[in-house]
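Step one of this worksheet: look at the structure below.
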Amino acid sequence: MEIDFTKLANRKTAICDKEVYLEFSVLVPIIKTGSEFSLLFEVRSEKLAKQPNEICFPGGKIESFENARQAALRETTEELLIPEANIDVIAELDTIVTPFNRILYPFAGKIHEYKGTFNSEEVKETFIVPLSFFLENAPLHHDINISMKPVEGFPYHMVRDGRDYPWGKGKYPVYFYTYENKIIWGLTARIIKNFVNLLGS
């Protein structure tokens, strides 16, 4: 059997088993307030079924007709009610792969002429935090233990030690920033930490 290995030479690497993940994209919105830069945040609407009232960046699921950058721009225009022309994407941040089958592609972008608008069906309110706050204050860090639990019907007879197999374990980092009366945590805080680390590297 002839096998052509040359097809592997110039391929771009991807996420293994990518089809089992849901892919999302977000924008870290940067706005100029006076002489300094600030990050713009959303508080999710109480009407939403998932994570109502939580603090986040604009973003959402990547649709089949778009790439990650396009999704970040589309979601931002829909949620903040601004034209795409007012968004200047400056960088793609590091991709986050979660243990709960989610891949998140964050982008950082400057928003020009923002007038405080938002889609009330998705957003309860918006607020800003000076970027200097995140540069000067490290987040609170706690971990969540992660363990593997095979689903019903798992073929234990094909695994050494069967049901007693010593499955791997891990830790999932969770970060918290507290600014005035706002608690910014979870994936949003993780994106901020990555952004700040990249600015300082």
Q. Which percentage, to the nearest 5, of the DSSP beta bridges contained in the chain is antiparallel?
A. 80 percent
**Q.** chymotrypsin sites (Phe, Trp or Tyr not before Pro) restricted to DSSP loop in the stretch 6-73 with at most 13 other C-beta within 10 Å
**A.** PHE65
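Tell me what the chain gives for mean residue ellipticity at 222 nm when only DSSP H runs of n ≥ 4 count, each as -39,500 (n - 2.57), the sum divided by the residue total, rounded to 500 deg cm²/dmol. If you can, show how the numbers build up before the last one.
Details: 3 runs with 34 residues, N = 201.
The per-residue figure over the chain is -5000 deg cm²/dmol.
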Q.
Through the Karplus equation 6.51 cos²θ - 1.76 cosθ + 1.60, θ set to phi - 60°, convert the phi angles of the stretch 35-43 into ³J(HN,Hα) values in whole Hz; use x for Gly and Pro.
A. 9, 10, 8, 10, 9, 9, 10, 10, 9
Q | Estimated distance in nm for a label pair at LEU48 and ASN67, the labels positioned 7 Å out from Cα along Cα-to-Cβ | A | 2.6 nm
Q.
Under the rule of at least 5 residues apart or a separate chain, name every residue whose amide H is placed under 5 Å from the amide H of LEU93.
A. PHE107, ALA108
**Q.** Phi-based couplings in Hz for the stretch 7-13 (Karplus 6.51, -1.76, 1.60; Gly and Pro marked x)
**A.** 5, 7, 4, 10, 6, 8, 5
Q | Approximate spin-label separation ALA138-ARG11, in nm, with each point projected 7 Å along Cα-to-Cβ | A | 4.1 nm
(Q) Students often get this wrong, so try it: which of [x] 0.97; [y] 1.18; [z] 1.23 is Cα Rg over 2.2 N^0.38 Å as calculated from the structure shown? (A) [z]
Q: Give the distance, in whole Å, between the Cα centre of the stretch 9-34 and the Cα centre of the stretch 97-131.
A: 15 Å
Q.
Between ARG163, ARG44, ARG102, where does the largest GNM mean-square fluctuation fall for the chain, given springs only between Cα atoms within less than 10 Å?
A. ARG163
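Roughly speaking, what is the stretch gain from ARG160 to GLU78, that is 0.36 nm per residue apart minus the C-alpha to C-alpha distance, in nm to one decimal? Before the final figure, lay out the partial values.
Numbers: separation 82, 0.36 × 82 = 29.52 nm, distance 5.16 nm.
That works out to 24.4 nm of additional length.
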Q. If you take the square roots of the eigenvalues of the alpha-carbon gyration tensor of the stretch 41-148 and sort them as a ≥ b ≥ c, do you get rounded (a/c under 1.5), prolate (a/b over b/c) or oblate?
A. rounded
**Q.** Most fluctuating residue given options SER25, SER45, SER64, as computed from a GNM of the chain linking Cα atoms under 10 Å
**A.** SER64
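Can you tell me the relative contact order of the stretch 20-200? Whole percent, Cα pairs under 8 Å, sequence separation 6 or more. Spell out each step's value before the answer.
Details: 321 pairs, mean separation 42.8, N = 181.
Once divided by the residue count of the stretch 20-200, the mean separation gives 24 percent.
Might you report the magnitude of the Cβ-based charge dipole of the chain about its Cα centre, with Lys and Arg at +1 and Asp and Glu at -1, to the nearest 20 debye? Numbers along the way, then the final one.
Working: 23 positive and 28 negative charges, 97 e Å.
My answer is approximately 460 debye.
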Q: Would you mind checking the tilt of helix 68-80 against the longest principal axis of the Cα atoms of the chain, expressed as 0 to 90 degrees and rounded to 10?
A: 40 degrees
Q | 0 to 90° range, to nearest 10: angle between helix 186-200 axis and the chain longest Cα axis | A | 80 degrees
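Values quoted throughout were computed directly from the atomic coordinates according to the rules given, and no laboratory measurement underlies them. None of the values given here were measured: they were computed from a predicted structure. Heads up, the Cβs are rebuilt from the backbone with ideal geometry, glycines too, and the neighbour counts pull from every protein chain shown.
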